[in-house]
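Structure first, then comments.
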Amino acid sequence: FFSCAFFGTMYTGSPYFPYTNSGVFDAPRPLSPIYASPYGSAPATVPSPEPGFYGYGQPLAQMPAAYGGHEFYPTYGQPQQNMYSTAAPWQTYAAPHSKEKIERGRNLERDQEPAPEVRGRAGIFSIISYLLSRRKEGDEHEELVGKGYERDAKLYLEEYEKYIQQVGIQLPSIDIAFKNMRFTVKDKKSGQEKVLLDNVSGVFEAGTMVAIMGPSGCGKTTVMDCISGKKTAKYTGEVRVNGRELDKKAFRDISSYVPQQDYGFAKSKVIEELRFASQMKGQDGFFASKRTEAQQRNQDFEVMLHAVGLMKVRDSFVGNQLVRGISGGQKRRLTLCKGLVTDPWVVFMDEPTSGLSSSDSEMVMKSCKLIAQYFGTTIITVIHQPRATLFNLFDHVMLMCEGRVAYNGPRADLERYFAGLGFRCPPSDNPADYYLDIITPGVEGAEPERILDAWAANKNAEVMQKVEASFRNEKGLASVEEQQQQLNASLMRPQKKRSFFFQWWMLQKRELLMLRRNIDETMVGIFNSAFLGFIIGALFLDIRNKTDSDGSGLAKETVNYQLSFVFIITLTAAMLSFEFVPMLINERVVFLNERAEGLYGTVPYMLTKMLTRLTLGAIMMVIITAISYFMGGFEVEHYAFFLLTVAASFAALDGTLAFISVMSPTHEVANALAGTFLTLCSLFNGFTSNSRSSPDWIIWIQYVSVAYYSFVAVAGELFETYTRYPWDCRVTQPTPELTQACADLDVGISQAYDLDADFKWPAVGILFAFAVAFWILAVVCQSVFVKLKK
């Protein structure tokens with residue numbers, strides 16, 4: 001619903017244009033489908049209305065009491081000019097209204113239900129959705145017969161602003177003041193302290209568009225990170241919002257941070273990225289049905305995409321180095337849209353125009369300007385060398401050099417201040433380039449030290465007075481929580497906070513969608529399971545039914561091959577989890593940015609990953625075990641326990657690898673650690689090495705080996721009641737053949753491999769305990785250690 005601001009510069013086909021030829025400001029209302037095409041154009045000729053056609057309407061000041069003091073009648077708009085024109089006027093056609101319909105509109109007040117109790121957060125999206133929802137349900141669209149005229153987009157937004165005020169909605173107002181922000185780092189070589197921010201102070205008032213500028217390495221992004229609460233390294237200073245101390249959690253709910261690095265899933269579509277961000281942090285909507293709400297939301301997305309020139313690629317993949325998708329400049333604009341679509345009151349943008357052409361940059365920043373101007377949103381931008389027309393869009397400029405402030409005040413006073421220092425920008429020069437040049441060390445004619453000292457000596461005290469006044473909240477601005485309550489109370493509908501279950505469900509749906517689009521990767525895992533199952537089964541084909549060549553019916557010659565089968569299949573099946581190692585690392589950038597924006601928490605995200613991995617793992621376990629087990633000729637009655645043990649082994653190893661992935665900064669580190677762990681599991685497995693074959697000082701490692709527990713559990717199940725080889729020669733054997741075998745062998749399987757049949761169920765339990773413990777560790781470490789480092 002920031003779309004209203006985007007309408008102002010980009011979108012000339014507004015279905016909500018509320019201004020008629022007579023000067024009557026009418027309630028915005030969506031068009032019928034035949035008139036809502038964003039590419040439609042005005043007809044060549046339109047019948048002229050009869051005299052007095054607009055007589056049913058009234059000027060804004062004369063409207064009767066309703067809807068907070070004024071009543072509005074619907075008009076209908078038709079796009080006339082190109083969608084992407086940055087200065088296109090608006091063309092509308094007014095439709096006559098029957099007296100009955102007008103009378104019905106005047107009776108809307110009594111049709112309104114009492115406002116229920118409201119809660120949660122709300123913002124500009126909610127405001128405009130609410131205005132659109134207050135139309136009378138069931139109104140039919142009438143034929144467009146009015147005579148068109150043109151109105152400037154700015155006038156449209158000004159009248160919309162009046163409409164919001166007359167309805168009685170108080171727009172949010174957020175002032176941000178910061179004092180003595182200081183940040184230092186230690187030089188690794190010299191060990192000396194390097195100052196990146198040196199007692200920077202200032203006030204950014206509500207509804208202003210702020211440009212933080214300076215040469216590379218001057219501390220632009222650092223100061224913005226400190227103000228926004230995104231800085232993770234230790235710094236000093238104080239930030240207050242409307243005179244109150246900064247509550248990072250509450251501030252995150254009303255703010256948005258557009259990072260310099262673009263992010264998104266390669267096979268996610270542009271419209272899907274916007275929709276996900278809106279649903280996770282945006283509003284529920286204010287319409288009678290979910291279907292209407294979804295339709296309206298999609299329409300708003302399209303308006304925003306039109307505004308930034310992404311409509312043509314709305315259904316294209318984001319893409320990456322391996323997947324063909326949108327261009328780099330389009331990704332930049334998409335990242336900006338994701339920040340705006342979450343309904344922020346304060347927007348922080350780190351070089352939003354990087355990678356954009358001059359025209360695209362101006363298009364995007366003009367839209368942001370309108371948001372700040374008409375809806376009171378504070379927009380703070382780190383920007384590098386904007387063109388002159390773009391630079392003139394900013395209300396406030398903060399110039400920095402070497403961590404200090406060279407100028408911090410209104411853009412309109414910038415030229416006069418520097419002229420007083422003897423620096424006059426030539427008329428032919430871009431002011432942004434000129435002022436950056438004179439504060440950049442090494443540039444010809446630059447005097448950064450003199451400029452910095454002049455500001456500290458002459459102007460810094462004045463800024464500090466403004467900071468102290470803002471800290472005392474001399475304007476009397478309400479707190480963030482109070483403004484949220486006031487705004488929600490105006491919107492007539494409750495706001496629901498995003499629950500844990502909602503976050504998990506939305507993440508799970510996205511995960512399933514990505515699995516479907518990456519079906520080739522999923523099919524590779526399934527194919528590997530079937531292939532390996534077949535190879536192992538063929539290698540030990542019918543091994544269970546092979547007996548000794550002496551005709552005794554025993555399996556003294558083949559029992560070791562059966563145990564080899566147990567060892568190989570349990571270890572191979574568990575190692576299939578290795579293909580999930582890259583999952584958490586590949587998505588780390590997306591996770592970090594989305595979590596930092598408050599779209600979801602760590603626990604629902606990790607739960608989604610765990611359920612997805614274990615579900616795919618269960619499918620692969622069924623395939624590999626069913627093929628290999630029955631090709632080996634093993635009994636059906638033991639298969640359920642065999643499958644359970646192999647699945648537990650997979651879950652335990654998968655949890656361990658998830659923990660390793662979380663703790664690893666890169667793929668290379670994760671692969672190295674995972675390889676070491678799998679090698680240890682392969683060595684200490686209970687079959688090729690156990691307490692009978694290895695010294696006590698090292699064999700204890702088997703008790704932390706997944707392969708050991710899976711081997712002893714399956715071996716106990718398959719051989720405890722086996723009639724072709726003795727299990728334990730220390731007890732009486734059930735058949736003469738086994739008694740003779742004990743006499744010949746002296747030991748049974750349990751003695752040879754230090755096995756205990758009673759330990760098979762505890763072994764399975766330990767495997768599941770490993771899975772739970774390592775997944776919990778992975779969640780904790782993902783929450784505590786995996787963070788955006790700023």
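The values are calculated or read from the model by the stated rules, or taken from the named source; none is laboratory data. All values reported here derive from a predicted model rather than from experimental measurement. Quick reminder, even Gly has a Cβ in these numbers, built from the backbone with ideal geometry, and neighbours come from all protein chains shown. All accessible areas refer to the heavy atoms of the entire protein, side chains included, with ligands and DNA or RNA removed. Shrake-Rupley method; radii C 1.70, N 1.55, O 1.52, S 1.80 Å.
Rounded to the nearest 20 debye, the dipole size of the stretch 338-495 about its Cα centre is 480 debye, using +1 on the Cβ of Lys and Arg and -1 on the Cβ of Asp and Glu. When peptides 571-579, 511-519 are sorted by average Cβ neighbour count within 10 Å, with the highest value leading, the order is 571-579, 511-519.
Output the peptides 334-344, 754-764 sorted from most to least packed, where packing is the average of other Cβ atoms within 10 Å over each peptide's residues. Before the final figure, lay out each step's value.
Working: 334-344: 25.0, 754-764: 16.6.
Order by mean packing, descending: 334-344, 754-764.
Taking label points 7 Å from Cα along the Cα-to-Cβ direction, Asp315 and Phe785 give a separation of 4.5 nm.
Take the Cα of Val772, step 7 Å along the line toward its Cβ, and report every residue of the stretch 632-649 whose backbone nitrogen sits under 12 Å from that point. Flagged as within label range: none.
Note on Thr645: accessible area is roughly 0 Å² with a 1.4 Å probe, heavy atoms of protein only. Checking the table Lys186/Lys230; Lys186/Lys248; Lys366/Lys509 against a 30 Å threshold on Cα-Cα, which pairs fail? Exceeds cut-off: Lys366/Lys509. Rounded to the nearest 10 square angstrom, Thr547 shows an accessible area of 60 square angstrom against a 1.4 Å probe. Please work out the Cα center distance from the stretch 176-240 to the stretch 678-700, rounded to the nearest Å. Using only Cα atoms, the two centres lie 55 Å from each other. When you count the other C-beta atoms within 10 angstrom of each residue and take the mean per peptide, 372-380, 357-365, 521-529 line up highest first as 372-380, 357-365, 521-529.
Dipole of the stretch 335-405, Cα-centred, from +1 at each Lys and Arg C-beta and -1 at each Asp and Glu C-beta, to the nearest 20 debye?
Numbers: 5 positive and 7 negative charges, 21 e Å.
Magnitude of the dipole: close to 100 debye.
Sorting the Cα pairs of the stretch 507-584 by distance into bins of 10 Å, from 0 upward, gives 15, 33, 23, 15, 9, 4, 0 percent per bin.
A probe of 1.4 angstrom, applied to the heavy atoms of all protein chains, finds Tyr629 with accessible area near 0 square angstrom. The amide H of Asn408, built 1.01 Å from its N in the peptide plane, has Leu399 as neighbours under 5 Å, considering only residues 5 or more places off or on other chains.
Got a sec? What order do Leu738, Leu477 fall in by accessible area at 1.4 Å, biggest, i.e. largest, first?
The ranking, largest first, comes out as Leu477, Leu738.
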